[in-house]
1. Sequence neighbours fewer than 8 away in the same chain don't count; with that in mind, list the aspartates and glutamates whose C-alpha is under 12 Å from Lys163.
2. When a footprinting reagent is the concern and you count Cβ atoms within 10 Å, what order do Thr122, Thr210, Thr308, Thr129 take, fewest first?
3. Take every Cα pair under 8 Å in region 157-231 that's 6+ residues apart, average their separations, divide by the length, and report that relative contact order as a whole percent.
4. Return the calculated 222 nm mean residue ellipticity for the chain, to the nearest 500 deg cm²/dmol, obtained by summing -39500 (n - 2.57) across DSSP H runs with n ≥ 4 and dividing by the residue count.
5. Please enumerate, by chain and number, the lysines with C-alpha under 21 Å from the C-alpha of Lys236, excluding those fewer than 8 residues away in the same chain.
6. What is the dipole size for the chain, taken about its Cα centre, with +1 at each Lys and Arg Cβ and -1 at each Asp and Glu Cβ, in debye to the nearest 20?
7. Under a point spin-label approximation (7 Å from Cα along Cα-to-Cβ), what is the Leu299-Ala97 distance to one decimal in nm?
8. Given the Cα-Cα distance of Arg280 and Lys236 and 0.36 nm per residue of separation, how much length would full extension add, in nm?
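Please treat every number below as a calculation from the coordinates, not as lab data. As the structure is a computational prediction, the values presented were derived from the model and not from experiment. Positions of Cβ are generated from backbone atoms using ideal geometry, with glycine treated the same way; all protein chains shown enter the neighbour counts.
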Amino acid sequence: MRPLMLRALAGEPVERPPFWLMRQAGRYLPEYRALRTEAGSFLNLCFDPARAAEVTLQPIRRFGMDAAILFSDILVVPLALGQSVRFESGEGPVLDAIDDEAGLRRLEFVGSFESLRPVYETVRRVRATLEPDKVLIGFAGSPWTVATYMVEGSTSKQFSRVKRAAFAAETARGGDHWFARLIDMLVEATIVHLSAQAEAGAQIVQLFDTWSGVLPDPSFARWSIEPTARIVGEFKKLWPGVPVIGFPRGAGLRAADYVRETAVDAVGCDSAVPCSWAARVLQPLAAVQGNLDPQLLVLGGVAMREATLRILGALCGGKFIFNLGHGVEQETPPEHVAELAAIVRGWNNAPIQAAR
Ligand code: CP3
């Protein structure tokens, strides 16, 4: 039988919902921290296929998720385009910010990513090792989210520089503005990056639009939906059998337009999206993925159990993939992840399907 994740995405009957967790590989796992120390730095780990493959598989061995997600980062794309990217411990990513025409000219995309070969090699190794009933998810950041880091130079609270660049580009004469050209470059680069992952064995790809929610209307359509629609359209021509999951975090009501206009196969919902609304409005359009609050996984116990059962109850009547509303927190006790996995695995869809 085809893997549960692919059946759920296609809307075929499933015995229970598949699950995986964003940031399921990472610092909350002691075995991750050990390999990260061996590698010396986060970026070394990302470019070390043997260790990156091992880190990708660690959560699957421990908890049996239905999907592995490639261990890498959305910021390997700006790195491969020629921007300097460092990860400072406790501080997050640091980039040499680009905020004008001259900054854009320092970047170059030649149409393929030689320097990302170790990442694609990691995909190959993971796919060769993973059980046939588990799928491998490849990923990239959306152009807008990647651009926020490229223009701000770090994680941001106000997004002042990148927003002003985007708003200026919207009214630029003839539509010509360095920020629009940066987004165009990221669209092309992302298509190539995702295709190379599919070529190497990724069976699903996810586009992380972590910061789409900071865009006002109608900028959301211009900088989140439009570039994503171009990527999905081109990617699907090349890889029609590889489903695309979009994660427009913070999009709220606009998630419906996002799904309709980008034609993603599934939409990730953050924890603020009401499950009843997702079931009524989003599930008829695409599979829904989400949306337990990551802090409930840190807390564990009754609160986590009740919230999980509520989400399962609300969304198992349609196409659904259980996940968190954002990534696993560093403070998460691994035992809580094991308990969550047991709850989802113990869920039986049969009564719901019989009742319909
Ligand atoms: O397990 C997985 O989900 C796969 C690997 C993965 C990482 N980053 C590893 C990582 C994935 C899919 C990402 C995506 C990513 N990276 C996003 C989108 C998802 C999200 O969380 O919103 C973003 C915005 C980034 C950029 C990024 N990478 C930031 C802001 C940081 C610093 C914050 C932090 O948690 O340290 C990173 C570092 C990072 N990426 C780590 C990991 C495991 C921690 C690095 C370490 O070991 O110190």
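1. Asp99, Glu152
2. In order of increasing Cβ crowding within 10 Å: Thr129, Thr308, Thr210, Thr122.
3. That works out to 36 percent.
4. Details: 16 runs with 165 residues, N = 356.
Value at 222 nm, helices only: -13500 deg cm²/dmol.
5. Lys319
6. Values: 37 positive and 39 negative charges, 139 e Å.
Its charge dipole is roughly 660 debye.
7. Going from the Leu299 label point to the Ala97 one covers 3.6 nm.
8. Working: separation 44, 0.36 × 44 = 15.84 nm, distance 2.65 nm.
Answer, rounded to one decimal: 13.2 nm.
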